[in-house]
Every structure is written in structure tokens, then in C-alpha cells.
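First up is the structure itself, then whatever we jot down about it.
The values are calculated or read from the model by the stated rules, or taken from the named source; none is laboratory data. Remember, predicted model here, so these are calculated numbers, not experimental data. Virtual Cβ from ideal backbone geometry, glycine too; neighbours counted across all protein chains shown.
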Protein chains: 6
Amino acid sequence: MSDSKKDAPPPAEKGHARTVIFGSQHDRIVERLEGLDPDLASHIQGFAYDTVYDNSALDLKTQELIACALLVSLGSPPELRTHLRGAMNAGATEEEVRGALMLCVPYLGFPRAVAGFEALRTYLQDQDKKKG
Amino acid sequence: MSDSKKDAPPPAEKGHARTVIFGSQHDRIVERLEGLDPDLASHIQGFAYDTVYDNSALDLKTQELIACALLVSLGSPPELRTHLRGAMNAGATEEEVRGALMLCVPYLGFPRAVAGFEALRTYLQDQDKKKG
Amino acid sequence: MSDSKKDAPPPAEKGHARTVIFGSQHDRIVERLEGLDPDLASHIQGFAYDTVYDNSALDLKTQELIACALLVSLGSPPELRTHLRGAMNAGATEEEVRGALMLCVPYLGFPRAVAGFEALRTYLQDQDKKKG
Amino acid sequence: MSDSKKDAPPPAEKGHARTVIFGSQHDRIVERLEGLDPDLASHIQGFAYDTVYDNSALDLKTQELIACALLVSLGSPPELRTHLRGAMNAGATEEEVRGALMLCVPYLGFPRAVAGFEALRTYLQDQDKKKG
Amino acid sequence: MSDSKKDAPPPAEKGHARTVIFGSQHDRIVERLEGLDPDLASHIQGFAYDTVYDNSALDLKTQELIACALLVSLGSPPELRTHLRGAMNAGATEEEVRGALMLCVPYLGFPRAVAGFEALRTYLQDQDKKKG
Amino acid sequence: MSDSKKDAPPPAEKGHARTVIFGSQHDRIVERLEGLDPDLASHIQGFAYDTVYDNSALDLKTQELIACALLVSLGSPPELRTHLRGAMNAGATEEEVRGALMLCVPYLGFPRAVAGFEALRTYLQDQDKKKG
């Protein structure tokens, strides 16, 4: 393996990804996860966010765009909404999010991609309702 | 939908993604695809690369990191090698590529991610052999 | 590769598959896709239907039976309804459609196949309601 | 449900699909399956072939084209070769098989489809070697 | 292969798994399956339950815990509820079921596992409503 | 949620699952994982094994049988061999392992299950070579 580990950016402040991605929904999301299973909630926060997300050479916006694509590969489960919002909280424009979803077309086919665009439309409509 | 389409970057010069991603392997790759099926080769070049990749709001490096993750979701088929190299051709550091593969752990589980890291190791070893 | 390309049937009139499959729902479907993303709608019509479907050696009925099976492999997303109807618009009997869904049992297992039969039952019930 | 079950074709002679699909490879294939697990071999012959395949309203050629697409959805495991040959044994032309594989592009994406075309190329090359 | 087939437990009384897993819901479940397709219902009962489940060296509780994990791998379709209940009918404690779902985290990732825990929570809430 | 967490078995001694599953291959496996990526190796040991496996209400044998089924759902990647051996190290008989693989037939279909039985056959043949 190469020596490039010396050039990795310093780990983000712990809990950074979780704070940005969950935003104002943080307590609601954690409460829901704890209601599913306390250990599951602990692992998602401690491992997925505080260990993987917060120790990456990638900036949070790029991580969230990748996360959206991965969720599309899984059939666009409810988490996709959280990470569409997380991507935009982390600075992605709507067009950049559309770019991530569109790349799913050649790699995964149209049905998987369409489900991703459906989730995006629902999210944007709800955003418009809150503003209007 | 919003008006943000006005802010999308101008489409890349046609064939740009294909040129960077395939690099010096371009003719070899195209010849292999044509040997599989001429229409398939035409669609991959004309639709996947020249239409989807080249009309994205995302820069090529980000697209390739997303592509690597999507290929990991598919079980790391042979195309992953092409896009690990494509990501680096487009400016990703090895650590950034590792970041994309590592994000597959919480989203897809360890087996899928390990297969991606295996493909990366094989690619890096082959790169070292060429230099050494 | 062999010379059998000379024997392929002449390409279908452009837009043929789309017309038969979407039937009376054409404008509604296109409008919904454009509401998701204009480029996505364009690619589905121009690439999936007008390029792949309309340039196949397979008759439309066979293509639609294959499409139904592929959608079952993806977990029977909403598109399955469109292609169950498309298969019948293209001349498949209900028993032929059941044959395509049943073949998913040995290849994909019972849960995936059951979801396909659920989509068929819902579609047939809605057809009965319209007639009754 | 409708009354269309009265119109289903009479069940095929038992073991018909298996005989056509396995062809001259029948004993070799059965022996290999029995070496994996005797019950598994029994279920594949008795349930997959003699029950599902042989009691379908679909002709064997159509079933095999669907089977090839389903195997592509699974990442083109070794069974795909058996069913590419099975499709052709049942009367499919090479162009019809290409049509089934190509339909996987819009439904499953390019990587899955490419793996299917790779299996086809390998099969056709081996056929040419036997003739030449 | 080894000689261990001599040590397999005697096959269960036919229909045993189905009786325990479906419990009081047996007639309702069979009626629903027959409404989807009579042959499908016959195969599920005759092959899945009476042939595979009832001829296993594994006790029913272990089989049901495995079944729950497999259904999580498929995205937690409606059958998961039946087999969460089936696992408990066969003697699994709630903690043992949570153990099976939690193992899906490292193997399949968090989104798939979360969907499984959601199904469990819904099932337990409905159980509490019946008791309360 | 219920109170059943009080009845969970005490957590296993840390590193227990890893010791039993990796057995004599422990150092070789860890070295290979570290060669893929040091963080990945750390997470697999620290999270998958020492956190999830070692804090389960399920005994290790049951966990390994579930793990084998989950790996079959992923297309039987190389890890399956490790966990077939792990299941037997944890006390599963060959017939119990066959039971776990056979349950994959109705849930995932024959192709996925066959790949699992292929991995088992290869593993058993290698075991026979070592003894003979």
C-alpha cells in the first residue's frame, strides 16, 4: 500500500456528520432509532456516523452524494430522504443531487433511479409547503 | 420543481468523461465491448458516458467516486477496476477512493465493502509492478 | 460472432413500444416522469423505449414478459403494473403473464414472486372494477 | 380471478423442459448437482423443471429467454450458460437471445447486462471451437 | 460427501412447520395465497413448508431465525412479519429475534437491518394492543 | 418495547466469536484484512465480531448458520467459506449446515442456493484432502 495516509485530512470533530445530516431532526431521529432497538441506535451513531463518516478523507457533501446513490441501489428506503436533506445541508445544490441520482441510471437501471427521483420530488414538495 | 437548472455547469465537451476514464485503455476497452455486442458498445459510449456523465452538474471526480460505490453495491464486478482508475485519473487521491469504499460498510455491510477493497488492492499492486 | 444480424426483423416504427405499453396512459405517464426530472423522462422515452425496445429481435409481447420478470427481481416496484398491462396490451394472456411470474419462483424464491403476484391481483381487480 | 385457466395449454410431457435444456449434458449436470446435495438435485429436477417449467402457459423458448434475464439480474452465475444454450436448444436465434440480454440494460443497468453478454460471448466462442 | 445423513433427525410430521408458523392465521394466509394464484399457494405449502422446512436437520426455531435474516436481505417484505411471529411461536425469545436482526448489520448494512427492526417494532406494538 | 433485555445471556468474553470462527486461520485472516485497509480490519474485528457477535442473545452456532445464509443472499462471496468452517467450529454438524443452505432455496431461489452448496462442497473436499 502507498504512504498516502499521511495526507488524510484531520478527523472531523466527533459527531460532526451526525449534527449536519440530522440537523433539526436530530433528537426525533435518535428517539425513533432507540425505539427500534437501543443497541442499533448506539451503533448507528457511534459506528456509522462518528467512526466512518467522521474519519473520512472525503468532505461531507461528497459522502452524502455517495450515500444517496447507495440508498438508491437498495431500492430507496426511507433513509434516502434523510440523506437527500443531509446532502443539501452539507452544501449540495439540487442539481448536484440530481447528478448523483442520474448516475444510478447507467449503473443500476431506470427503475432504481426513478424511485430515487420520486423520493427527491416528495422531499422538495414538502420543502415548498413549509416555505409557502 | 425549482429553477436551479439555470445554474447547471455547461455540458462537458462530448466524450470528455470517456476520454479521462478510459485513458490509455480507450481503444482496448471499446474493442472488447464491440466484441460483446456492437449495439451494447454504442449505448455504453453514447448514453452512459456521452449523455449521462457529460451532462452532469457533478465534476468527474465526484461522479467516479459515486460510480465506484455503485459498483461495490453490485458485488464489485470487473468494471470497478476501470472506475477506480477513472477516479484517480480524474484527480481522486487513494485516500479519497478509500473513503468512498469505506462508506459502503455502513450502507451495504462488510462483505460488499471487502470485495471493493480487494479490487483496489489488486489495482494498486498492478500499478506498483508497472513502476517498479 | 455469427452473421445472424442480417436476419433481425426490421426495427419497429419509432415510438411503437411506448405507444402500445403506455396505451391510454401515455400522456399521464410522461407528465409524471417529466415532473420527476425532464432529462430522466427524455432518457426513458428516447433510450429505454425508442432505442432498446424498438430495435429488438424480440416481439413486444416477449419483451414485456421479460420486463415483468426483471421488475419482480427488483422487488416489484410500481413499474411492474405498467408492464403487466403492457404485456397484455401486447397480446399476452393472463395465463402467460402468470407463467412469467411463476418462473421467478425457482430463480428468485417465493417472496419476490409473491410480490409479483400481488401486483397482478391488484391490477386485475382494478380492471374488474372498471368493467363491472 | 378470471376463468382463463381453462385455456392453458396441456401440461408438457414430464421431464420435457429438462430434456431440452440439459440436452446432451443431462447426465453430467445431474451428477454434478447430486454431488452438491442429493435433495437439492431432486428439488431442482422435480420442482424447478418438472413442476414449474412443465406446467407453464409459456412455450419453452420464451421461458428460457426469461430465465436468462433473471440470471442476469443475479449477476450472471454459471447457470446462465446452461440457459443460453437451453434457449437456443428451444429454438431461440442468437439475435433473440441478444434481445433478452439487451432488455436488461434499461431495467438493471449496464454492469449486469455486460456480464450477461460476456457469458454469451464465451458460450459462442466455445461453440465455434467445437465446429472449427 | 460424508456419511452424516444417517444422523439427521427423522423428518417432522408433514405440515408441522406450516402449522406452527401460520398458527391461528393458517386459513387466512392460505386463502390469501390461493387468491394470488392456486398453483403458487400449492407450491408454497407443498414445497417450501412441507418439503424444505419439514425435512431439515435444523429445529424450527433456528430455521425461522434464518428465515427472518433472509427476509431482511430481501428488504423486509410482508412475509417478515409472519416469520417474526413464526420464530416466537417456535420458541424464540424477543432477544433472540433481535440477535438475528442485529447480525444483519455487519453482513447487509444498516438500512436493511433497520427495516427489519421496524417490522419487529410494528409486530410487538400490535401484540401489546391485543393484550392491553 | 418489552422488558426481555434483563434475560439476555451475559456478553461473551471479548474476542470469543473471532477466536472460534477464525480458529487457526486468525493471524492469516487479520493480516490479509490489514493489507486491504487497516481501518477496515479494525472495524471488522472491533465492530462485527467483538461488538455484534459477542453481545448477542444467540449462541455462536446459530449466529454462524444465519451468517452462512446471509452470505448466500449476497451471492456466496469468499467469506462464506470462513463461516461454513466457523459454523462447524462452533458445533454445527454438516447436516445442520446443509439445512441452513437448503432454506435459501424457497427464500432466494435455486441459483443463490446452488452457489452456497458449491462453496460447501469445495470446503469439504479440502477438509478430506487434509485428512487423507
| task | Any chance you could count how many residues in the stretch C:73-130 are closer than 16 Å to E:Gly75 by Cα, more than 12 Å from chain D (Cβ to nearest Cβ) and in contact with a Phe, Trp or Tyr (Cβ under 6 Å, 6 or more places away or on another chain)? | result | 0
| task | Take C:Ala115 and decide whether it is closer than 20 Å to A:Leu108 by Cα and small (Gly, Ala, Ser). | result | no
| query | Looking at B:Thr62, B:Thr51, which one is within 16 Å of B:Arg85 (Cα to Cα) and at pLDDT 95 or above? | reply | B:Thr62
| task | Give F:Gly86, F:Gly46, F:Gly35, F:Gly116 a once-over and let me know the one that is free of Cβ contacts under 8 Å to residues at least 60 places away in the same chain, assigned to a helix (DSSP H, G or I) and buried (at least 19 other Cβ atoms within 10 Å of the Cβ). | result | F:Gly116
| request: Would you please name the residue that is surrounded by the most Cβ atoms within 10 Å (Cβ to Cβ), looking only at residues in the stretch F:57-68 that are at the interface with chain E (Cβ under 7 Å from one of its Cβ atoms) and in contact (Cβ under 8 Å) with a residue 40 or more places away in the chain? | output: F:Gln63
| query | Can you name every residue in the stretch A:27-44 that is in contact with a helix residue (DSSP H, G or I) (Cβ under 6 Å, 6 or more places away or on another chain) and not aliphatic (A, V, I, L, M)? | reply | A:Glu34, A:Asp37
